[in-house]
1. Which of the residues that make up region 46-66 are touching a strand residue (DSSP E or B) at 6+ places or on another chain (Cβ under 8 Å) and either part of a loop (DSSP other than H, G, I, E, B) or more than 18 Å from residue 83 (Cα to Cα) (or both)?
2. Of 139, 133, which residue is out of contact with any helix residue (DSSP H, G or I) (no Cβ under 6 Å at 6 or more places or on another chain) and over 29 Å from residue 222 (Cβ atoms)?
3. Looking at region 2-31 only, could you name the residues that are part of a loop (DSSP other than H, G, I, E, B) and under 29 Å from residue 172 (Cβ atoms)?
4. If we keep just the residues of region 76-103 that are crowded, with 20+ Cβ neighbours inside 10 Å and in contact with a strand residue (DSSP E or B) (Cβ under 8 Å, 6 or more places away or on another chain), which is farthest from residue 210 (Cα to Cα)?
5. Mind checking which residues of region 165-205 are at pLDDT below 85 and more than 21 Å from residue 220 (Cα to Cα)?
């Protein structure tokens, strides 16, 4: 979806996608850009956070030697920050939370930001924790918590972690799929949660729980991807000026 949007704007000579468990694969991407006119390739991980895949899997599969990798044909591949590291994420989370719980007094509600979490790389939980801290500092919600599927504090313990009547849950994921449609709802105790993308309220454990679709489904993430590519060169210029 986002690639088609970016391609339609004509900003880049070419725009392509590759995947870990689907076709075309990450390895296939090594053969994408054969046009000799393409001298630079920006690799933007469409991931919600730094972690095992951005630090280990993608660099390995794309044969990246670091932030910049020069191919034998002279083509320069630039490895950008993941979309979830963009400064606009806080605003996206707040807007999604407001949209799924209209009319709810934020000052009396709890906001849960749900991420995956994994024992493979502790960095996978950092982005959700940072976002929770930023929103907590705004003092808009009674409480703001980062919770995870596979490490503590776990989303399945939401009843004990929260104290408010209204609980707003936003999956901090790049797309809707098995995790947002089935796994997280099951951990929350929601039955029949696969609603085709709808967000709605659920009465559970004497509370009202508002459950959202994944944050990465926002169409504005196309802009985030573009900005992550642009910021690579901007950061490089700053570092060169400082040295």
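The values are calculated or read from the model by the stated rules, or taken from the named source; none is laboratory data. None of the values given here were measured: they were computed from a predicted structure. For neighbour counting, all protein chains shown are included, and Cβ atoms are generated from backbone atoms with ideal geometry for every residue, glycine included.
1. Result: 48, 49, 61, 62, 63, 64, 66.
2. 139
3. Scanning region 2-31 gives 11, 12, 15, 16, 17, 18, 20, 21, 22, 23, 24, 26.
4. 77
5. Result: 178, 179, 191, 192, 193, 194, 195, 200.
Residue-by-condition table, conditions (1) over 27 Å from residue 227 (Cβ atoms); (2) buried (at least 16 other Cβ atoms within 10 Å of the Cβ):
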position	(1), (2)
46	no, yes
49	no, yes
70	no, no
73	yes, no
